[in-house]
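A.B. asks: Input: one structure, supplied below.
The values are calculated or read from the model by the stated rules, or taken from the named source; none is laboratory data. A quick note: this is a predicted structure, and the numbers were derived from the prediction, not measured. Neighbour counts run over all protein chains shown; Cβ positions are idealised from the backbone, glycine included. In case anyone asks, the SASA skips ligands and DNA or RNA and just uses the protein heavy atoms, side chains included. Shrake-Rupley method; radii C 1.70, N 1.55, O 1.52, S 1.80 Å.
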Amino acid sequence: MIRAILKKGKIQPLDELPPHWRDGQELIVDGGEPSNDPAEIKKWHEKLISLSAQIPATDHKRMAAALAEQDRQAKERMRREMGLS
């Protein structure tokens, strides 16, 4: 099964396409709802954890620093708007 998203009216694959697929080939797309099956949810969670583990620690640190800076700026702006600083 190939996962895809609908973006601006076009279907964009999230997974690598099989090499035997050709441009212009007709495909059937079944847009299902997210699963409520605990086994499927667990499988999705395990894949998410596995993918997250592949992100370098330096990227995690950069993201945390960027979020902390955004939070600091938002608080500073709110204090200015409320006349507290």
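A.B. asks: Report, ordered by the first and then the second residue, all pairs with beta carbons closer than 7 Å, sequence separation of six or more or different chains, a first member in segment 3-30 that is within 23 Å of residue 47 (Cα to Cα), and a second member that is of a type in the set (S, T, N, Q).
C.D. replies: Cβ pairs passing all conditions: 4/12; 5/12.
A.B. asks: What is the number of the single condition among (1) closer than 16 Å to residue 1 by Cβ; (2) open to solvent by 90 Å² or more (accessible area, probe 1.4 Å) that residue 39 does not meet?
C.D. replies: (2)
A.B. asks: Checking the condition open to solvent by 100 Å² or more (accessible area, probe 1.4 Å) and of a type in the set (Val, Ile, Thr), which residue from 55, 28, 2, 49 passes?
C.D. replies: 28
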